[in-house]
Amino acid sequence: MKKFKIYNSVLIGITICLFAITSCSVEPTFYSQVVPETFYTSQEAVWERFNRPFTHWRWYIANNEPRWMLQELGTDEFCLPTRGSDWYNGALYQKFHHHEYTEDMAFIETGWTNFAMGVALAWDALEDLEKVNFDALGFAEGTRESMLNQQKALVASFYLDGLDFFGGVPLYTTTQSEVKGRSTDKETFDFIEKLLKEAIPNLPVKEELGGLENGSINRAAGAALLARLYFNAKSYIGEEKYSEAATICQDIINGKYGKYKLDTDWTNIFGFDNETSPEIIWSVPSENAKLETDGMYWSYMVPYNYKNYLGGLEGSGSNNGIGLIPSLDPTGKKYSYKLGGAYAKFNDNDIRKQLYVYEGAGKYRGMFIVGELVNPTNPNWTCTGSREYSGKTLVVRDQVAYFAKVGSAEYPTLESLPSTIATAEEASCVRVTKRSPRPNQSEKNRKFDPDVPVIRLAEIYYTLAECKMRAGDKDGAAELINTVRKRYFANGNDPDPVTGSKLDKYRMLDKWQLEFLAEGRRRTDLVRWDAYVTENWWDHKATNNTDLNRFPIHYSLIGANNLLKQNPGY
Amino acid sequence: MKTQQKFNTRPIRSFKMFSLLTFTIAGITLCPYNLQASDRNDTNKSIVHETAPLQKGKTVTVTVSDNVGPVIGANVAVKGTTNGNITDIDGIARLDNVPENATLLISFVGYISKEVSVAGQTSFNVQLQEDTKTLDEVVVIGYGTLEKKQVTSSVTSISAKDLMTGVGGSDVSSALQGRVSGLIMNNIGSANAGTTFQLRGMTSINSGKSPLIVIDGFPGGDIRSLSQDDILTIDVLKDASAGAIYGTRAASGVILITTKSGSNTSGKVKMTYSSEMTKKQNYGAPEMLTGREYAEHKIGTDYGTDTNWWKELINDDNFSQKHHLSLEAGTENAQIYSSFFYEKNQGISIKDERQDYGGRFNANFKVLDGWLEIRPSVDYRQAMRNNNYPNFQQAMRNNPTRSPYDPDSETGYNVWTNETLDYNVLADANLSTYEGLDKWFKPEATFKLNIKPIPGLSFQQVIGYENRQWEYHFYKSRYHREEIEDRRRGAATLTFDKTENLTSEGFATYIKEFDGGHVLNAVAGYSYFEKNGEGFSVSNYDFDVDGIKFWNIGAGSYLSDGKAGMSSGKDITERLFSVFARANYSYQNKYLLQASLRHEGSSKFAADNRWADFWSLSGGWRISGEKFMKNISWIDDLKVRVGYGVTGNNDFSSSYMADMLGSDAYWMLPDGTWAYSFGKTQNINPNLGWEEKKEWNFGLDYSLFDGRLYGKFDYYRRKIDNLIYSVKVPQPPFTQGSQYQNIGSMESKGWEFEIGGDIIRTKDFTWNSNLNLGHNSGKILTLWGNNTYYNGNGFPAPGSPGDAARIEEGSTIGAFYLWKFAGFDDDGKFLLYNKEGKIIPASEKTENDKQYIGNYTPKLILGWRHTLQYKNLDMGISLRSWIDFDVYNALNMYFGIQGQGNTNVLKSAYGEFNHIKGEKQICDYYLEDGTFLKIDAITLGYTLSMKKYTKLIDRLRIYGTVGNVCTITGYSGMNPQVNITGWEGGTEKFWSRDDFYPTTRTYTLGLQLNF
């Protein structure tokens, strides 16, 4: 039995060994993720944490389509017509044009979650930053306050959009809160006002005219947001606060909030080196191969083969959808609606009213895709059609109709062509290339170099102009608008300046449209003038249903938060 | 016989050397404290000893028969030696050198082995008894086995021969279809498809939550790593009283798979070779308009040709083959099973194929005079995949007047751009290269220490390691549509992923029969599981040379432009630790009791919520063992049982409980340089607790008429509390849009009935039939927190018509949530009912008008298998049926309406549905009864004993199988066997490449040789 003893000792040894490889601990181990405790080791890290809500904001306002769609597609500026068999998609975009909003539309869901997530991310960043020891990391005095208040101002900007789209929304001051229901319009308004008033004095000031814009919220941006809130107070809470808006605008123009001035060349504002445009108050920075931001509408807007017009620009495929509400009917007669038809409203001498051409080295001209798409700098660079005009050079019209079918049994004559949101063809509607213009292939590495302006000084001029107009100072209003307009005409000779005597609701709306076309604000302007649901344009009939000034709350949001109440009328 | 004698000593010694080696390696590699070298030497010396020298003896003749005649191929051996032979066509075997006092061991598969003392005789007649499987069969129950008659919970056991052969498929699930009542398997039939398992209905709101798969005692196995020929048995633990011993991961049931291991062949090497060749055929394709019809109806541009896009994507030249070789040899103290295989599986679709190679080595050694048993096993498999099959939705959409080919183009394909709903799907598939390589490497060792002084006591330690790897190479040619649209010259991606699982389990077993008929079978031990995952991926674009594909990935211009992609990551280590115990007690095989307990902790939960207890209690009463039943001779066995158990679910990623910062996008630092922004990536829920399933099971097992009729019945009722689900949450306060929460509770109930019988049992002809039936229903009891409802099964663009499923308090699992169809108006537009029951035009509908209509859970699921044998001929037929359930026919909805664009439509759009003109609506107009009867397989085989013809081959079997023969149904879509697992099923989801694949019939010719 001696043998067994040896065995036993060996066996016991083995058994112990086998047990020993097992640990009773069920603690997780981390590898490629960073936990907050080990993150804040440098100033850079603090800035990186600070920037998180801004990268969301960039995505929301300049890269993801819902916000732009909600602001533009139901208006007299843009439409996404059904082009032959393209862009029907269950009549989704036709519904936008007819204001047939329903609580199951995906854009409406994202319209809510995007602004709301922004609020959450900003408060979350603020709460994290509050715990950081700024002094220990060697930050300059005041950096902490500046950072915290920028987050506050950012929250206000998100809430401002929430109020604009939906009315009163749930108001949070922390991420450590219980889930809440909606506050009233007034409470939401007051909340935004309070946040901005607290933040503005602590925001950084732009001291250098034309200094680099890097996306942070300067004091003028905060003030402009407050001006926007007051300017639209009538729509939001039924109270007029135009004089408050005017005061802020005047202060901004006077330089109280930092150094800005109108740019003399409009292509500087949107162009390839626009981060130093003195007109920009707040923008989304963008740079080739770093943060590529295109202001969202390229792929939705430009014709299929438009990249060939730019010498075959890589990574510029597109889907030929959105275009301007047409100015002309199929026979070429101008529509008599007061609203819509933006292209025809541009003066023919307006330098913006020409075919977009990239001239090289960051220079370009024009902001439209219209007419025969042959690049004037190289006749071989043409945009051909892909559908009705397959293989032929595309001729983009300021009209919507099935011209390719004229002469068929269906449409024997031009006069028989219908012009509706449902009857467009490939070449219908003028397109806009205003934000984030693109270079030719030879300079492809400048693509996405243009920043996307979100607030610019011209808005302050126009806001002040409208406030003056509403206060009875029509000449003062006209002068402000003309100050901005000068730059669009050779030698500053505006052939059609605004005159105080003729300035009315419709002219004012036209001026807003010409200056801010495609910048994602049209719906707000129409609502402020009570025109959104009461006016006809092209194929759109007024619903006269004021409930439609606000969007419905998507049903899935109500499913996820049973305290949310639907907007009236939905 | 000389060759056999030669075998006697040397191989065995080498086996022992090998066992020692394994033993030592296991000790060194797995053990942080190395054994002393001297110890190892000692062991070495003591293990290796010679077997006793052979004695001279006499020659003995044995005639083996059963109750119908001679048994061919039975094994006759001198016990304790390798001296043996196999009976011939007359049932006779001759053995030389048999010692006077020897014992002969006569065995044959399917029969009870018999021992006979030689005691001076030279000729024996031995009659073998058929193993009446139902009673003495051993059932694997996890951490041990139990005789079937002692089982007190619901377990279904399947042996290898019950699996269908020749049905092909991407994994073994296709051979298991319809075998286990209550087990639903969803697999679309592609060569690369994965399988979704669901046992006894939905146990968790997490769709696709599958049973825990335990392969040879290793929990968390991957069923895709197995080869059907290597499987010995599959035991399915259905109820919680059985599964509770596996605790956390057993809420959806446990599937225990045991692979073949060597047996005592008296040293003879048994070799089996099997081969299958398969040809596949597509049937039941949707009937779309032809090119001419499309042109006639002026749907879109007429390009002049007539293309059947569906047919273009079918690989008519498909050919699949399979070769499997297994070798088995053993003595009393050392047994080995080893197998190698090669498989080539081509799907019915183009660009859907795989080649698998693999091998398995299972061994069992008894050393140290029976004190220690060591069972090393190694399993390796790799699958080279081309999983680039095209999207068949596109074959339905495409303009049939356009040709996929253009002889004038560089590639021969007609590639057009700028159309998202109509593109050359054939060219897309053929102008891209997909190379995938899956690998599974699984070494494992079990050490069983038999504490000999205490009979019945043993300790087992299992160490298992599994390494799963995935390599992926993908290239899109510069001529590919997307590359042309983006003006790029090619796109390349290389990806590598690795998952490592480590399991260590130790448990003591004590089996003791006490006087008076008390039997105790107790197990107690611990289990540790660890999972690590890591991976990296690179992508680059725009290459000068197309032909090099991904093999010079740095050369693309996107790298120098700063736009190439590069990523890597390592998952949070997941850990699971538990201690467990189970005891089975039986008294006179009449009164049975089982209790089990598992205390388990998981790293996935927040620190305070990691540990939980899972337990079960069950009992059985074998009525047939009672005195008063003795006179009822037609009842062999009758047992009632009842069980209750609690099992858990922690099925979510371990990253969800960690407060982590992740990078988002570049943003400018104050100095104008770019850096990534960082923010929270999860909504942490520190209160998240275990999902718990509590289940009652009532069962009855029966075996009647001398084992000719047998089966069982189970009724179960289960409640699942603390349902874990990732729900949409409001932002703010949450930073992310979803969070894992314990959202509520649900219940489900159902029954299962299994009946099998030897309908005919004669010498020449037998007919065996097995039928199983199952029924399940479930509902949501409560939803907690801020969630009132949760929608699912969203239908896609074009049209985005909405969601077809909703769960809320009181909702039934499987119900559709739709608008109620009310007819068509004069323009052919849909009319619907609103919530007041008024008819409204579809344009006025609101979400509130939807209602619960229909249900995709079949009232009855049935599997029926017949095995017939006439002399050497055998035949198997497998049938399956789902009765009384609804299927949403999305094909008719999206492709059965005219005028919705230039995409092609079904012929019925201009026939049966000619009257519909309006936009499609998600309503019950498209809901159909999906009841079907499916012939899963018909097999015809012929077995021939080769003894007569050659000494080299024992047995030959050839067979032919037709798989997925036909489906008899009134459903008008392509395939009524839609995915019914989870709460978003019941829909023919043509838009999902993972759900929509051509229906395939397979023709297989198989060959099996036993040497």
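The values are calculated or read from the model by the stated rules, or taken from the named source; none is laboratory data. Quantities reported herein were computed from a predicted structural model and do not represent experimental measurements. Positions of Cβ are generated from backbone atoms using ideal geometry, with glycine treated the same way; all protein chains shown enter the neighbour counts.
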Within segment B:779-799, of all residues that are more than 7 Å from every other protein chain (Cβ to nearest Cβ) and among the aromatic types (Phe, Trp, Tyr), the one surrounded by the fewest Cβ atoms within 10 Å (Cβ to Cβ) is B:Trp784
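Check B:Lys279, B:Lys268 and return the single one that is in contact (Cβ under 8 Å) with a residue 12 or more places away in the chain, surrounded by fewer than 24 Cβ atoms within 10 Å (Cβ to Cβ), assigned to a loop (DSSP other than H, G, I, E, B) and not acidic (Asp, Glu). So that I can check it myself, show each step before the final result.
Numbers: B:Lys279 fails: assigned to a loop (DSSP other than H, G, I, E, B).
Answer to the selection: B:Lys268.
If you take just the helices (runs of 4 or more DSSP H) that sit entirely in segment A:86-203, which of them hold at least 2 residues that are touching a helix residue (DSSP H, G or I) at 6+ places or on another chain (Cβ under 8 Å) and closer than 30 Å to B:Asp422 by Cβ? Don't jump to the end; show me each part of the working.
Details: elements: A:92-97, A:106-130, A:143-166, A:185-199.
Ranges flagged: A:106-130.
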Restricting attention to segment A:305-343, the residues that are within 22 Å of the chain's Cα centre (by Cα) and polar (S, T, N, Q) number exactly 4
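Can you find, within segment A:546-560, the residue that is nearest to the other protein chains (Cβ to nearest Cβ) among those that are part of a loop (DSSP other than H, G, I, E, B) and under 16 Å from A:Thr75 (Cβ atoms)? Step through it out loud before you land on a result.
At the first step, the residues of segment A:546-560 found to be part of a loop (DSSP other than H, G, I, E, B) are A:550-554.
Restricting the remaining residues to those that are under 16 Å from A:Thr75 (Cβ atoms) gives A:550-551.
On the way: A:Arg550: 16, A:Phe551: 15 Å.
Of everything passing the filter in segment A:546-560, A:Phe551 is nearest to the other protein chains (Cβ to nearest Cβ).
When residues of segment A:507-550 are filtered for being under 24 Å from A:Arg456 (Cβ atoms) and either without any contact (Cβ under 8 Å) to a residue 12 or more places away in the chain or not acidic (Asp, Glu) (or both), how many remain? Steps first, please.
Going residue by residue through segment A:507-550, those that are under 24 Å from A:Arg456 (Cβ atoms) are A:507-529, A:531-532.
In the following step, the residues that additionally are either without any contact (Cβ under 8 Å) to a residue 12 or more places away in the chain or not acidic (Asp, Glu) (or both) were identified as A:507-509, A:511-514, A:516-518, A:520-524, A:526-529, A:531-532.
Within segment A:507-550, residues that are under 24 Å from A:Arg456 (Cβ atoms) and either without any contact (Cβ under 8 Å) to a residue 12 or more places away in the chain or not acidic (Asp, Glu) (or both) number 21.
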B:Glu410 meets each of (1) of a type in the set (D, E, K, R); (2) within 10 Å of another protein chain (Cβ to nearest Cβ); (3) under 17 Å from B:Val545 (Cα atoms) with one exception, condition (2)
For segment B:913-923, does any single residue satisfy the condition of being modelled with pLDDT of 90 or more and among the small types (Gly, Ala, Ser)? no
Flagged in segment A:456-490 as touching a Phe, Trp or Tyr at 6+ places or on another chain (Cβ under 8 Å) and more than 14 Å from A:Ile252 (Cα to Cα), in numbering order, are A:Glu466, A:Cys467, A:Arg470, A:Ala471, A:Ile481, A:Thr483, A:Val484, A:Arg487, A:Tyr488
Exercise for review: Examine segment A:72-81 for a residue that is part of a helix (DSSP H, G or I) and buried (at least 23 other Cβ atoms within 10 Å of the Cβ), and state whether such a residue exists.
Suggested key: yes
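Tally the residues that are among the polar types (S, T, N, Q) and free of Cβ contacts under 8 Å to residues at least 60 places away in the same chain, restricting the search to segment B:757-780.
The first filter runs over segment B:757-780 and keeps only residues among the polar types (S, T, N, Q), leaving B:762, B:766, B:768-770, B:772, B:776-777.
Narrowing the set further to residues that are free of Cβ contacts under 8 Å to residues at least 60 places away in the same chain leaves none.
The number of residues fulfilling the criteria is 0.
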From the option list A:Phe551, A:Phe516, single residue qualifying as among the aromatic types (Phe, Trp, Tyr), modelled with pLDDT of 95 or more and buried (at least 21 other Cβ atoms within 10 Å of the Cβ) is A:Phe551
- Residue in segment B:435-452 that is crowded, with 19+ Cβ neighbours inside 10 Å, among the charged types (D, E, K, R) and within 29 Å of B:Pro796 (Cα to Cα) present: no
Per the filter on segment A:160-203, residues farther than 27 Å from A:Leu70 by Cα, facing chain B (nearest Cβ under 9 Å) and surrounded by fewer than 20 Cβ atoms within 10 Å (Cβ to Cβ) are A:Thr174, A:Gln176, A:Ser177, A:Glu178
Considering segment A:497-528, residues that are within 21 Å of the chain's Cα centre (by Cα) and outside any helix (DSSP H, G or I), and then whichever is nearest to A:Gly472 (Cα to Cα), we arrive at A:Arg521
Note on segment B:870-901: residues within 14 Å of another protein chain (Cβ to nearest Cβ), surrounded by fewer than 19 Cβ atoms within 10 Å (Cβ to Cβ) and out of contact with any helix residue (DSSP H, G or I) (no Cβ under 6 Å at 6 or more places or on another chain) are B:Gly899
Counting only residues in segment B:301-334 that are crowded, with 21+ Cβ neighbours inside 10 Å and either aliphatic (A, V, I, L, M) or within 14 Å of chain A (Cβ to nearest Cβ) (or both), the one farthest from B:Asn364 (Cα to Cα) is identified as B:Leu313
Of the residues in segment B:663-686 that are among the small types (Gly, Ala, Ser) and surrounded by fewer than 19 Cβ atoms within 10 Å (Cβ to Cβ), the one that is nearest to the chain's Cα centre (by Cα) is B:Ser663
Counting only helices (runs of 4 or more DSSP H) wholly inside segment A:247-330, the ones holding at least 1 residues that are in contact with a Gly (Cβ under 6 Å, 6 or more places away or on another chain) are A:298-301
Given (1) in contact (Cβ under 8 Å) with a residue 24 or more places away in the chain; (2) assigned to a loop (DSSP other than H, G, I, E, B); (3) not hydroxyl-bearing (Ser, Thr, Tyr), A:Val396 misses just (2)
Got at least one residue in segment B:492-500 being within 14 Å of another protein chain (Cβ to nearest Cβ), part of a strand (DSSP E or B), over 30 Å from the mean Cα position of the chain (by Cα) and under 30 Å from B:Gln382 (Cβ atoms)? no
Of the listed residues (A:Asp128, A:Asp124), the one being more than 30 Å from A:Asn567 (Cβ to Cβ), of a type in the set (D, E, K, R) and within 13 Å of another protein chain (Cβ to nearest Cβ) is A:Asp128
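Among the residues of segment B:741-778, which ones are within 14 Å of chain A (Cβ to nearest Cβ) and part of a strand (DSSP E or B)? Steps first, please.
Of all residues in segment B:741-778, those within 14 Å of chain A (Cβ to nearest Cβ) come to B:741, B:743-744.
If the condition is that a residue be within 14 Å of chain A (Cβ to nearest Cβ) and part of a strand (DSSP E or B), then B:Gln741, B:Gly744 are the ones that fit.
Take segment B:833-848 and flag every residue that is of a type outside the set (Val, Ile, Thr) and away from chain A (no Cβ under 13 Å). Lay out the reasoning, then the answer.
Applying the first criterion (of a type outside the set (Val, Ile, Thr)) to segment B:833-848 yields B:833-838, B:841-845, B:847-848.
Result: B:Tyr833, B:Asn834, B:Lys835, B:Glu836, B:Gly837, B:Lys838.
In this structure, does B:Tyr676 turn out to be more than 14 Å from every other protein chain (Cβ to nearest Cβ), at pLDDT 90 or above and in a strand (DSSP E or B)?
On the way: more than 14 Å from every other protein chain (Cβ to nearest Cβ): no; at pLDDT 90 or above: yes; in a strand (DSSP E or B): yes.
The answer is no for B:Tyr676.
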Here the residues within segment B:613-636 that are touching a strand residue (DSSP E or B) at 6+ places or on another chain (Cβ under 6 Å) and among the small types (Gly, Ala, Ser) are B:Ser616, B:Ser618, B:Gly619, B:Gly620, B:Ser624
Note on segment B:801-822: residues within 11 Å of another protein chain (Cβ to nearest Cβ) and among the β-branched types (Val, Ile, Thr) are B:Ile807
The number of residues in segment B:550-607 that are buried (at least 21 other Cβ atoms within 10 Å of the Cβ), hydrophobic (A, V, I, L, M, F, W, C), in contact (Cβ under 8 Å) with a residue 60 or more places away in the chain and assigned to a strand (DSSP E or B) is 3
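Residues being within 14 Å of chain A (Cβ to nearest Cβ) and not β-branched (Val, Ile, Thr): count how many of those fall in segment B:549-596.
Of all residues in segment B:549-596, those within 14 Å of chain A (Cβ to nearest Cβ) come to B:556-580.
Remaining after also requiring not β-branched (Val, Ile, Thr): B:556-571, B:574-578, B:580.
Residues in segment B:549-596 being within 14 Å of chain A (Cβ to nearest Cβ) and not β-branched (Val, Ile, Thr): 22 in total.
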